[in-house]
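A.B. asks: The structure follows.
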Amino acid sequence: MVAIMNEALELMPGQKVLEIGAGSGYHAATIAETIGPDDRVYTVERVESLVRFARENLKRAGYSERVIIIHGDGSLGYPERAPYDRIVVTAAAPRVPPKLLEQLKTEGVMAVPIGNRVFGQELIRLTQKGEKITKESLGGVAFVPLIGEQGHES
């Protein structure tokens, strides 16, 4: 799934990427490796123990300078560093979170699973070109729910 999402994002050097849901830090590390050593990945994680776990994993793997982990409500993104060239959401939202869409650059791409808490989810790629947003389904998926102000209720 990490490879599918990364491919959907069309990652390239020079991009600023926002990840929602740090988990173990693995997905952010693959993004950091793809976009290059001079670029940053910002990842927002709501579970404090996962923040610590991801930070430790990324430090051991040599990515702690390239991946910045923020403890917070991922459904709200990280507006402090917006706009982003790419946004990837690793938890299923009931709909595209408007706050994340606001943080996407013109010409940006977002990959986000949309659907119910358990079943009936699909991976959506949103591509913004000027004022126009194109939505494309990349197929059925199963993710944990996105919990937060613009996600599912906790």
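A.B. asks: Need the list of lysines near residue 132 for cross-linking: C-alpha distance under 23 angstrom, and skip anything on the same chain fewer than eight residues off.
C.D. replies: Correct list for residue 132: 16, 99, 105.
A.B. asks: Straight-line reach from residue 135: which aspartates and glutamates have Cα under 17 Å away, leaving out those fewer than 8 places along the same chain?
C.D. replies: Excluding near neighbours in sequence, the set is 7, 10, 85, 102, 107, 122.
A.B. asks: Using C-alpha positions alone, give me the convex hull volume of the stretch 67-154 per residue in cubic angstrom. All intermediate terms of the calculation are to be shown ahead of the outcome.
C.D. replies: Working: hull volume 8.1 nm³, N = 88.
Measuring per residue, one finds 92 Å³ for the Cα hull of the stretch 67-154.
A.B. asks: Right, next: Gap in Å between the Cα centre of the stretch 104-154 and the Cα centre of the stretch 27-82?
C.D. replies: 19 Å
A.B. asks: Right, here's the next one. How large is the Kirkwood hydrodynamic radius of the chain, in angstrom, based on all distinct alpha carbon pairs?
C.D. replies: Values: mean 1/r = 0.0662 Å⁻¹.
About 15.1 Å for the chain.
A.B. asks: Let me ask something else about it. With the crude spin-label approximation of a point 7 Å out along Cα→Cβ, what separation in nm comes out for residue 149 versus residue 26?
C.D. replies: Here the modelled spin labels are 3.2 nm apart.
A.B. asks: Need the list of aspartates and glutamates near residue 59 for cross-linking: C-alpha distance under 16 angstrom, and skip anything on the same chain fewer than eight residues off.
C.D. replies: Answer for residue 59, where 16 Å is the Cα cut-off: 33, listed by chain and number.
A.B. asks: Extension gain residue 127-residue 68, at 0.36 nm per residue separation less the Cα-Cα distance, in nm?
C.D. replies: Numbers: separation 59, 0.36 × 59 = 21.24 nm, distance 2.44 nm.
Working it through step by step, the gained length comes to 18.8 nm.
A.B. asks: With every protein chain kept in place and ligands, DNA and RNA left out, what is the accessible area per residue of the stretch 1-145? Probe 1.4 Å, answer in Å². Mind showing how you got there, number by number?
C.D. replies: Working: 7240 Å² over 145 residues.
Per-residue accessible area for the stretch 1-145 comes out at 50 Å².
A.B. asks: Using a 1.4 angstrom probe on heavy atoms only, work out the carbon and sulfur share of the accessible area of the chain in %. Don't skip to the end; give the middle numbers.
C.D. replies: Values: 4000 of 7790 Å².
Heavy-atom surface of the chain belonging to carbon and sulfur, 1.4 Å probe: 51 percent.
A.B. asks: Which helices count as membrane-span-like in the chain under these terms: full DSSP H, at least 15 Å along the axis by C-alpha, Kyte-Doolittle mean of -1.0 or more?
C.D. replies: On the way: long enough: 48-61 (20 Å, -0.75).
Helices passing the filter in the chain: 48-61.
The values are calculated or read from the model by the stated rules, or taken from the named source; none is laboratory data. None of the values given here were measured: they were computed from a predicted structure. Reconstructed Cβ throughout: ideal geometry from the backbone, glycine too, with neighbour counts over all protein chains shown. Protein only, heavy atoms only, side chains kept; ligands, DNA and RNA dropped before computing areas. Shrake-Rupley method; radii C 1.70, N 1.55, O 1.52, S 1.80 Å.
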